1. Looking at Asn102, Asn82, which is the one that is open to solvent by 10 Å² or more (accessible area, probe 1.4 Å), within 16 Å of ligand 2 (Cβ to nearest atom) and polar (S, T, N, Q)?
2. Every residue in the stretch 17-64 that is among the aliphatic types (A, V, I, L, M) and open to solvent by 20 Å² or more (accessible area, probe 1.4 Å), please.
3. If a residue must be open to solvent by 40 Å² or more (accessible area, probe 1.4 Å) and assigned to a loop (DSSP other than H, G, I, E, B), how many such residues does the stretch 3-15 contain?
4. Output the residues belonging to the stretch 129-180 that are more than 17 Å from the chain's Cα centre (by Cα), closer than 24 Å to Ala83 by Cβ and either surrounded by 15 or more Cβ atoms within 10 Å (Cβ to Cβ) or in contact (Cβ under 8 Å) with a residue 24 or more places away in the chain (or both).
5. Take the stretch 82-106 and flag every residue that is of a type in the set (Gly, Ala, Ser) and either more than 16 Å from ligand 1 (Cβ to nearest atom) or under 30 Å from Pro166 (Cβ atoms) (or both).
6. Determine whether Ser116 is within 16 Å of ligand 1 (Cβ to nearest atom) and either under 24 Å from Cys104 (Cβ atoms) or in contact with a Gly (Cβ under 7 Å, 6 or more places away or on another chain) (or both).
7. May I ask you to list pairs of residues, at least six apart or on different chains, whose Cβ atoms are under 9 Å apart, with the first in the stretch 16-45 being under 18 Å from Thr161 (Cα atoms) and assigned to a loop (DSSP other than H, G, I, E, B) and the second being modelled with pLDDT of 95 or more and of a type in the set (D, E, K, R)?
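The values are calculated or read from the model by the stated rules, or taken from the named source; none is laboratory data. Being a predicted model, the structure only gives us computed values, none of them experimental. Please note: Cβ atoms are built from the backbone with ideal geometry, for glycine as well, and neighbour counts cover all protein chains shown. Protein only, heavy atoms only, side chains kept; ligands, DNA and RNA dropped before computing areas. Shrake-Rupley method; radii C 1.70, N 1.55, O 1.52, S 1.80 Å.
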Amino acid sequence: MNRFEALSLIAEQYRDCPIVATCGATSRELKHVVDRDSHLYVVDSMGLSSSIAIGLCLGLQGQGAAKVVAIEGDGGMLMNPNALSSASFLRPANLVLIVLDNGCFASTGGQRAQTSRVPIANVAAGFGLTVFSVDDLEDLRRTLQDTYQTQEPVLLHVKITPDNVPGLPYVNDDPVVLADRFKRFLTRER
Ligand SMILES: Cc1ncc(C[n+]2csc(CCOP(=O)(O)OP(=O)(O)O)c2C)c(N)n1
Ligand SMILES: [Mg+2]
């Protein structure tokens, strides 16, 4: 399974939920799968989609968002592992933290990342999070349905191949504009 295939399933299962996508090819490809007001493309701020999503979970409590999804890369996740500690400590019941693990910094040329030796799923479980791990599309489809139903913060570890969809345009929108569109989605009547 590659990133684009994984993102297609995530966008389908979580089409009504806020999705915070990490920078680089993840935002680029998600935008190409489907571009929705419910997406926040975190251009450049590598590693922060998980922290942003945790804050959103807390801020949106009782406001009808079934789940808040963060899509992080393996490199980004290990750049900001304290988000795992925060998620475990704060226990936002509606957090779904999805880590697309290709073992490298695929967006910037495929340099080897620490996940080639540091098992993210074990690290997250060690922090006390409930962890799901998948490595094929059928499992991902099933597990996305399961994570939609959970009543606790979860980390979904998805093993993907290290390729990028070639030729996609950069997400060059002004981050202020991207954030404004997302904020308007969040404050819309449900
Ligand atoms: C603090 C910081 N360092 C480096 C970058 C450049 N950069 C953007 S995406 C990326 C690779 C991200 O790797 P990973 O999170 O594993 O996602 P992948 O591209 O593999 O899907 C890098 C190094 C950045 N945007 N911010
Ligand atoms: Mg990676």
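1. Step by step, each of Asn102, Asn82 is checked, and only Asn102 is open to solvent by 10 Å² or more (accessible area, probe 1.4 Å), within 16 Å of ligand 2 (Cβ to nearest atom) and polar (S, T, N, Q).
2. The answer is Val33, Val34, Leu40, Val43, Met46, Leu48, Ile52, Leu56, Leu58.
3. 1
4. Within the stretch 129-180, Gln151, Pro175 qualify.
5. Ser85, Ser86, Ala87, Ser88, Ala93, Gly103, Ala106, listed by residue number.
6. Yes: the conditions hold for Ser116.
7. Final answer for the pair search is Thr22/Glu72.
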